[in-house]
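Following: one structure in structure tokens, then a few remarks.
The values are calculated or read from the model by the stated rules, or taken from the named source; none is laboratory data. Just so it is clear, the structure is predicted and the values come from calculations on it, not from any experiment. Please note: Cβ atoms are built from the backbone with ideal geometry, for glycine as well, and neighbour counts cover all protein chains shown.
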Amino acid sequence: SAADDLARSEALSPNDLGAFWMPFTPNRSFKKNPRLIARAKDMYYYTPDGRAVMDGTAGLWCCNAGHAREPIVKAIQRQAADLDFAPTFQFAHPQAFTLATELALMAPEGLEHVFFANSGSEGVDTALKIALAYHNVTGNGSRTRLIGRERGYHGVGFGGISVGGIVTNRKHYGGLLGGVDHLPHTYDREKQAFTIGEPEWGGHLADELERIVALHDASTIAAVIVEPMAGSTGVLPAPKGYLKRLREICDKHGILLIFDEVITAFGRLGYATAAERYGVTPDIMTFAKGVTSGTVPMGGVIVSDRIHDAFMKGPDHAIELFHGYTYTAHPLAVAAGLATLEVYRGEGLFERAREFEAHFAEAAMSLKGLPVVADIRVVGLAAAVDLHPRQGAPGALGYEVMERAFHHHDIMVRVTADTIALSPPLIVKPSEIDALFETLKRLLGEF
Ligand code: PLP
């Protein structure tokens with residue numbers, strides 16, 4: 001009836017925040033005092049009433065080219081008009097091949113083939129499935145074990161949370177994948193506090209992989225997955241020598257090495273990929289976020305010839321990898337990706353991140369000495385500031401800092417528990433880096 005319709009439209013009116021169950025958000029607290037964002041341009045978000053808020057986090061580590069960049073916007077608009085959707089199961093649109101080629105060229109030599117998904121989580125699932133299937137098609141079907149790392153974040157799929165090392169994920173969702181083990185994380189405050197870049201201490205922790213191999217036997221292990229820099233659990237850069245050592249141990253035992261580069265690819269560490277920064281090439285690399293500068297969802301994996309070619313056998317009409325998403329290589333995402341890579345190249349944004357890394361580090365370290373600050377880590381254009389948690393209320397201080405930053409200090413920061421993370425768009429100017437940390441310093445001084 002009309003009355004029902006009216007009641008329903010009122011219930012769903014824009015002022016009612018109830019219907020949207022928000023992800024990774026304390027919903028009740030948010031809805032009491034919402035942080036709404038209506039618009040964005042370059043380095044800034046704008047609230048519905050027009051207040052500018054500096055984006056200190058590149059959205060969620062994704063808008064590396066800054067917001068609403070004209071060439072990217074135009075490319076998406078054009079694409080929506082020209083070709084809204086085309087299946088990539090059994091058909092394809094030409095630009096998908098162009099983007100795959102560009103990504104393969106951007107990745108370290110040896111990573112040549114791209115499988116597209118729509119998010120980091122799907123990229124991780126894709127990587128794990130390819131690793132398992134690779135061993136299967138090469139006659140090593142007993143290699144089914146996956147090794148992750150404590151404090152690893154690999155998205156929210158069942159594969160990702162199984163190899164990830166996030167306690168709440170592991171606690172809430174039951175048994176997860178069997179046959180998973182974990183390396184220890186690489187953070188030790190006593191040995192690493194206030195380190196700029198890769199810590200001296202901790203490289204030896206890669207040798208824990210030898211212990212895991214000795215426990216399970218190499219013939220049962222398919223792959224090791226790590227983030228070259230753990231982003232979501234607080235900017236933990238790989239200790240010096242760590243990734244190289246992991247590579248050596250994996251090679252020795254026939255184990256595939258997967259880098260989850262969902263955050264680190266596309267310039268965050270001053271290079272196209274973390275693999276390039278560290279001179280260590282994995283067998284499989286995931287990507288997402290920065291590939292479209294956050295504009296249209298996209299993720300995926302880049303794999304070596306060896307892995308790809310192992311599948312290209314059997315009858316010609318047979319599907320080689322039984323995997324894919326309706327929106328794999330969605331035309332809008334592909335158009336956004338091509339335009340984004342062009343902006344990165346044209347403006348030299350990866351090099352820019354490298355150029356300003358030292359300045360960014362110095363600005364971040366200026367918070368050292370504030371009573372609430374327990375540690376600061378920084379690498380590339382990423383920084384984390386650990387706060388001393390309030391007694392008996394872990395996460396409360398971090399949440400309040402984030403709220404106050406947005407409402408009263410016009411900056412967006414990201415917090416996970418009592419750690420503040422900063423990862424501005426790579427277009428950030430030195431003066432904006434200074435402003436970001438000066439503001440944060442003033443804000444933290446209030447506690
Ligand atoms: N892997 C890593 C390393 C990430 O940092 C993230 C997200 O932050 C993901 C995977 C999951 O990506 P998404 O949220 O796009 O599924």
Note to self: Restricting to region 324-351, name every residue that is assigned to a loop (DSSP other than H, G, I, E, B), within 16 Å of the ligand (Cβ to nearest atom) and either at pLDDT below 95 or among the polar types (S, T, N, Q) (or both).
What the structure shows: T328
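Hey, can you tell me all the residues within region 174-205 that are touching a helix residue (DSSP H, G or I) at 6+ places or on another chain (Cβ under 6 Å) and either assigned by TED's automatic domain parsing to the domain that holds L367 or under 27 Å from T220 (Cα atoms) (or both)?
Scanning region 174-205 gives L176, L177, V180, D181, L183, P184, T186, G203.
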Item checked: L367 in the same structural domain as W61 (by TED's automatic domain parsing), more than 23 Å from the chain's Cα centre (by Cα) and at pLDDT 95 or above -> yes
Note to self: Checking the condition at pLDDT 95 or above and within 16 Å of the ligand (Cβ to nearest atom), which residue from L321, L256, L269 passes?
What the structure shows: L269
Checklist line | Residue that is surrounded by the most Cβ atoms within 10 Å (Cβ to Cβ) [pool: residues in region 121-153 that are in a loop (DSSP other than H, G, I, E, B) and within 24 Å of the chain's Cα centre (by Cα)] | finding: Y153
Next item on the list: Collect the residues in region 28-56 that are modelled with pLDDT of 95 or more, touching a Gly at 6+ places or on another chain (Cβ under 9 Å) and closer than 30 Å to T168 by Cα, keeping them in residue-number order.
Entry: D55
Next item on the list: Identify, from the list T233, T220, the residue that is out of contact with any Leu (no Cβ under 9 Å at 6 or more places or on another chain) and either in the same structural domain as L422 (by TED's automatic domain parsing) or buried (at least 21 other Cβ atoms within 10 Å of the Cβ) (or both).
Entry: T233
Check: In region 374-397, is there at least one residue being within 26 Å of S293 (Cα to Cα), part of a helix (DSSP H, G or I), outside the structural domain of E190 (by TED's automatic domain parsing) and not polar (S, T, N, Q)?
Finding: no
Check: Of all residues in region 162-184, which are crowded, with 18+ Cβ neighbours inside 10 Å and in a loop (DSSP other than H, G, I, E, B)?
Finding: G164, G165, I166
Item checked: Complete set of residues in region 110-161 that are within 10 Å of the ligand (Cβ to nearest atom) and either touching a helix residue (DSSP H, G or I) at 6+ places or on another chain (Cβ under 6 Å) or not assigned by TED's automatic domain parsing to the domain that holds P331 (or both) -> A117, S121, V124, D125, H154, G155, V156, G157, G160
Checklist line | Count - residues of region 388-405 that are touching a residue at least 24 places away in the same chain (Cβ under 8 Å) and surrounded by 22 or more Cβ atoms within 10 Å (Cβ to Cβ) | finding: 2
Next item on the list: Take T57 and decide whether it is at negative phi and either in contact with a helix residue (DSSP H, G or I) (Cβ under 6 Å, 6 or more places away or on another chain) or within 16 Å of the ligand (Cβ to nearest atom) (or both).
Entry: yes
Note to self: Taking the conditions exactly as written (touching a strand residue (DSSP E or B) at 6+ places or on another chain (Cβ under 7 Å), under 27 Å from L387 (Cα atoms) and away from the ligand (no atom under 16 Å from the Cβ)), does A193 satisfy them or not?
What the structure shows: yes
Check: Which residues, taken from region 294-319, are surrounded by 14 or more Cβ atoms within 10 Å (Cβ to Cβ) and not in a helix (DSSP H, G or I)?
Finding: G294, T295, V296, P297, M298, G299, G300, V301, I302, V303, S304
Item checked: The one condition in (1) in a loop (DSSP other than H, G, I, E, B); (2) away from the ligand (no atom under 16 Å from the Cβ); (3) not small (G, A, S) that L215 fails to fulfil -> (1)
